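Take a look at the structure below.
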Amino acid sequence: MKNLRIVIWIVSVILFQFYAYADGIIIIEDIVPPEPHIRPRPAPRPEPLPIKYHRVNVDIVSQVATTHIDQVFLNPYPRIMEGTYIFPLPEEAAISEFAMYMDGQKVQGEILEKDEARRIYEDIVRRMRDPGLLEYMGRNLFKARVFPIPANGEKRIELTYHQTLKYDAGMIQYRYPLNTERFSPRPLEEVALSVKIKSKVPIKNVYSPSHEVDVKMDQYEAVCGFEQKNVKPDKDFVLYYHVSEKEVGLNLLSFRKRQSEDGYFMLLVSPGETDTPAMPKDIVFVLDTSGSMQGGKLDQAKNALRFCIQGLNKEDRFNVISFATSLNSFAQNLLEANKENVGEALKFVDGFKERGGTDINSALLKALAMFPDSKRPRMVVFLTDGEPTIGVTNSGDILKNLQEANKAKARIFVFGVGHELNTHLLDKIAENHRGVPEYVIPKENIEVKVSSFYEKVSEPVLSDVEINLGKIKIYDMYPQVLPDLFKGSQLILTGRYREEGATAIKLAGYMNGEKKEFVYEEKFPEKEAENDFIPRLWATRKVGYLLSEIRFRGENRELVDEVIRLSKEYGIITPYTSFLVLEPDQDRFLAGTPAPGRPRDESGAFKSGMAMPQQAQREMVQSVRKMQSGEEAVMGARTIQELKKADVAVRADKERIKYIEDKTFYLQNGFWVDSEYKEDMKVREIKYLSEEYFNLLKEKPGLQKYFSRAEKIILVFDGECYKIVE
């Protein structure tokens, strides 16, 4: 029997979510020999210096951003160097400080306006034969001479600039130019970014569509950032934050390439760190104490449960159920989370022992029967490490029983521990009852995973959430089931829309037992070129939902065709399309996608370059729905969930797929080919770096961002097809 490795295509998707960034570069123009009487000789070809570290600190106070850059360049040669430092300035930026000292003298730079900057950009592109700087044509440029750069030494540069950020209906955007550091001939040793925001109006949402950032929010302040080692950049850093006086903030972002096509939208919804008190909740903790929880798992689970119980608010009501062959309940009904009851519950948890089988059906039915009729948020936190072995064991019967029993519409949050799980059953339990499944693999800490989750859901602000977008016709909105809103949390909705215009968006739900409605005036535009990240984020989520459906219900031609279409158009690797972007004579997976029986390296990762016939791929794909337990099933379930709730669009194999704005390009026969290209299109062929090439860029500036990413490219733009050749 073939060893199925469906999960590795999923893991490869996650690996490409993390990116680096940077900004200015030093381009070497001359190599200076050690003898002072000999004139410097020109370098054979201009080249950028490698970078040791790059650090950026951004302070945003009432929409005014101050960006401080600190970077160290390395001279790897045994000769003194002379070069030019260039930095593409953001729109309306004003430099307040440039710190670089030569022989004790502070070096002065100059700011060049767009036209002069364009000439310099073009000159560097021609001489370096690297199109990267084309992206910044149309921006001003900061330029400074750098001399001397010590042999085998370092040169440190600090730059500070200010800019006023644009405000649009409570939403403010900050963008930082990162792409220039991809010129660095080797990865940066360290990259660190920190953004601090202060506002006179409460901050509701902080979101980066370009990077995974850590966010900490207070009511009027927020901090976010990231740090990485040994990385190179591939896109600018973009950050949005939303301010609002309303109890719950809502903001609309949209993208629509042209009026003849349906648009994409994203809603950011959050109460932020509000003064509104958290709603009292009803919660039941259900813990598997069967014999399979040996080996330290039960001790971790008990510690996590203690954390959750101690974190209850005094107005909450709770209970604890342990289950194995039989059930053991702390109390017959929900109890108030007063000091006495919490103390007794902790003693109850201390007595848990690992023994017996696994009666999932009875444990969850007992938990659901405890909820009284109320408008409080109702939750079940369910943790298990096995399949049902006692009582009702058929998955279909368990799901039916739970559906009938959950009259209170409680949300069931599932934690699966280990690999010996029925992932189909656990995923369905969570999906059917408006919760989410989480999986803790053997080397992960259960206590950390559960505690982290509980911190996010411990303070509900708005439950039974509903959103109405008024007269705008929408479809394909994800997530399909809206979660409750918790203090400090953020809900991101993505979808498609057909009609444009202003509309009143209504957000409704229960707040402290009362039905409340919030109204926001927003506009869906007929054309919007900004926010080009939204289509890929939407497609990522939709692919996750489609794969989930295929996994539960089996292959359906319509579902498979839609996965293939989305995968090809948006560059999302799936088991159905991973072989479609290769050269015509190749018949293997992309790098990072496994073949059956593919060997692992010492770290446990799968080795690249293994062959896999297309028939074997089809057999593997057809078996997706059959995998319920085991490592592949758990990892597959985990990452389908990652796709479904993605906040940053996943990244594919950068060696074969490029994302530029809203477009996807595949490497074929040495050319980066637009996914919109069809073989019957009329093609205009243009030589790279020719006069015609640069004249076209002046005529159509929108081409710059595409031409900047490759020398040989086939691009569909404004109804015309261009082929750039050497």
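The values are calculated or read from the model by the stated rules, or taken from the named source; none is laboratory data. None of the values given here were measured: they were computed from a predicted structure. Quick reminder, even Gly has a Cβ in these numbers, built from the backbone with ideal geometry, and neighbours come from all protein chains shown.
Here are the numbers for the structure shown:
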read-out	value
Qualifying strands (runs of 3 or more DSSP E) (wholly inside the range 661-726; at least 1 residues being touching a Leu at 6+ places or on another chain (Cβ under 9 Å) and under 26 Å from Val238 (Cα atoms))	663-668, 671-674, 713-717
Residue check, Val56 surrounded by fewer than 16 Cβ atoms within 10 Å (Cβ to Cβ), among the β-branched types (Val, Ile, Thr) and modelled with pLDDT of 75 or more	no
Residue tally, condition within 30 Å of Arg119 (Cβ to Cβ) and loosely packed, with under 10 Cβ neighbours inside 10 Å, over the range 674-691	1
Matching residues, the range 538-551, being out of contact with any Lys or Arg (no Cβ under 8 Å at 6 or more places or on another chain) and within 10 Å of Lys644 (Cα to Cα)	Ala539, Thr540, Lys542, Val543, Leu546, Leu547
Pair list, Cβ < 7 Å and 6+ apart or interchain, from the range 203-226 residues that are among the hydroxyl-bearing types (Ser, Thr, Tyr) to residues that are part of a strand (DSSP E or B)	Tyr207/Tyr240; Tyr207/Leu268; Ser208/Val238; Ser208/Leu239; Ser210/Phe237; Ser210/Val238; Tyr220/Lys198; Tyr220/Ile203
All strands (runs of 3 or more DSSP E) inside the range 427-512 with 1 or more residues being outside the structural domain of Glu387 (by TED's automatic domain parsing) and closer than 28 Å to Gln403 by Cα	460-468, 474-478, 491-497, 501-511
Candidate set from the range 438-476 (those that are surrounded by fewer than 17 Cβ atoms within 10 Å (Cβ to Cβ) and among the hydrophobic types (A, V, I, L, M, F, W, C)); member that is farthest from Glu514 (Cα to Cα)	Ile441
Restricting the range 486-499 to residues that are modelled with pLDDT of 90 or more and of a type outside the set (Phe, Trp, Tyr), the residue that is surrounded by the fewest Cβ atoms within 10 Å (Cβ to Cβ)	Arg498
Which listed residue is in contact with an Asp or Glu (Cβ under 7 Å, 6 or more places away or on another chain), surrounded by 15 or more Cβ atoms within 10 Å (Cβ to Cβ) and at negative phi, from Lys281, Lys366	Lys281
Leading residue by the ranking (modelled with the highest pLDDT) among those in the range 611-649 that are among the small types (Gly, Ala, Ser) and not in a helix (DSSP H, G or I)	Ala646
Of all residues in the range 697-706 being closer than 11 Å to Leu134 by Cβ and touching a Phe, Trp or Tyr at 6+ places or on another chain (Cβ under 9 Å), the one that is surrounded by the fewest Cβ atoms within 10 Å (Cβ to Cβ)	Gln704
Members of the range 248-304 found to be free of Cβ contacts under 8 Å to residues at least 24 places away in the same chain and not in a loop (DSSP other than H, G, I, E, B), listed by number	Asp299
Residues located in the range 235-255, provided they are charged (D, E, K, R) and within 21 Å of the chain's Cα centre (by Cα)	Lys235, Asp236
Selected residue (criterion: nearest to Gly296 (Cα to Cα)) from residues of the range 329-356 that are assigned to a helix (DSSP H, G or I) and acidic (Asp, Glu)	Asp350
Members of the range 212-235 that are under 23 Å from Pro50 (Cα atoms) and either assigned to a strand (DSSP E or B) or touching a strand residue (DSSP E or B) at 6+ places or on another chain (Cβ under 6 Å) (or both)	Phe226, Glu227, Gln228, Lys229, Asn230, Val231, Lys232, Pro233
Residue that is surrounded by the most Cβ atoms within 10 Å (Cβ to Cβ) [pool: residues in the range 72-81 that are part of a strand (DSSP E or B) and modelled with pLDDT of 85 or more]	Phe73
Filter result for His68 (surrounded by fewer than 20 Cβ atoms within 10 Å (Cβ to Cβ), closer than 30 Å to Lys198 by Cβ and either out of contact with any helix residue (DSSP H, G or I) (no Cβ under 9 Å at 6 or more places or on another chain) or not small (Gly, Ala, Ser) (or both))	yes
Hey, Ile86 touching a residue at least 12 places away in the same chain (Cβ under 8 Å), surrounded by 15 or more Cβ atoms within 10 Å (Cβ to Cβ) and assigned to a strand (DSSP E or B) or not	yes
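Residues checked against (1) of a type in the set (A, V, I, L, M, F, W, C); (2) in the same structural domain as Leu267 (by TED's automatic domain parsing); (3) crowded, with 18+ Cβ neighbours inside 10 Å; (4) in contact with a Pro (Cβ under 8 Å, 6 or more places away or on another chain):
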{"residue": "Val146", "(1), (2), (3), (4)": "yes, no, yes, no"}
{"residue": "Gly153", "(1), (2), (3), (4)": "no, no, no, no"}
{"residue": "Asp168", "(1), (2), (3), (4)": "no, no, no, no"}
{"residue": "Met171", "(1), (2), (3), (4)": "yes, no, yes, no"}
{"residue": "Tyr174", "(1), (2), (3), (4)": "no, no, yes, no"}
{"residue": "Ala192", "(1), (2), (3), (4)": "yes, no, no, no"}
{"residue": "Tyr207", "(1), (2), (3), (4)": "no, no, yes, no"}
{"residue": "Met217", "(1), (2), (3), (4)": "yes, no, yes, no"}
{"residue": "Ala222", "(1), (2), (3), (4)": "yes, no, yes, no"}
